[in-house]
1. For T90, list long-range residues whose amide hydrogen, built 1.01 Å from N in the peptide plane, is under 5 Å from its own amide hydrogen.
2. Normalised by the residues of the chain, what does the relative contact order come to in percent, with Cα pairs under 8 Å and at least six apart?
3. Considering only C-alpha atoms, what is the centroid distance from region 87-115 to region 57-82, in Å?
4. Give the cross-link partners of K71 among the lysines, using a straight C-alpha distance below 26 Å as the criterion and excluding same-chain residues fewer than 8 apart.
5. Go from 0 up to the bin containing the longest alpha carbon distance in the chain, width 5 Å each, and give me the % of pairs per bin.
6. Taking the Cα centre of the chain as origin and charging only Cβ (+1 Lys, Arg; -1 Asp, Glu), how large is the dipole, in debye to the nearest 20?
Amino acid sequence: QVQLAESGGGLVQPGESLRLSCTASGSISKAYAMGWHRQAPGKPRETLAVLTSANATRIEDIVKGRFTISKDNVKDTVYLQMNSLKPEDTAVYYCFRSDRGRTYWGQGTQVTVSS
């Protein structure tokens, strides 16, 4: 089993930044993919960014230029740096990890962008 612990959500004003963290623990391997989705009320879940253990990254167009994904191998942690936040970024953000053929999800962290 793999456990994912997310942190970093909160309430910010438009134009501000937040950094989300997702730390993996348990039966983790050295070959994996980790990333972030989000889901706003009444909307489908959206993929935002993915990063692999081979350092390949993909940022989806909906957040490209504002969001970046990075990792700390020592801490088994993936980060989502979110800049120039907009009210439409308000959602629950979920971390995921694909490891040994299974996908695991974090509990979600709320991000609210409002003036």
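1. V113
2. Result for the chain is 37 percent.
3. Region 87-115 and region 57-82 have Cα centres separated by 12 Å.
4. K30, K86
5. Once binned at 5 Å, the Cα pair distances of the chain give 2, 13, 24, 26, 19, 10, 5, 1, 0.
6. Dipole size: approximately 260 debye.
Quick note: the coordinates plus some simple rules give every number you see, no bench work behind them. Just so you know, these numbers come straight off a predicted model, no measurement behind them. Quick reminder, even Gly has a Cβ in these numbers, built from the backbone with ideal geometry, and neighbours come from all protein chains shown.
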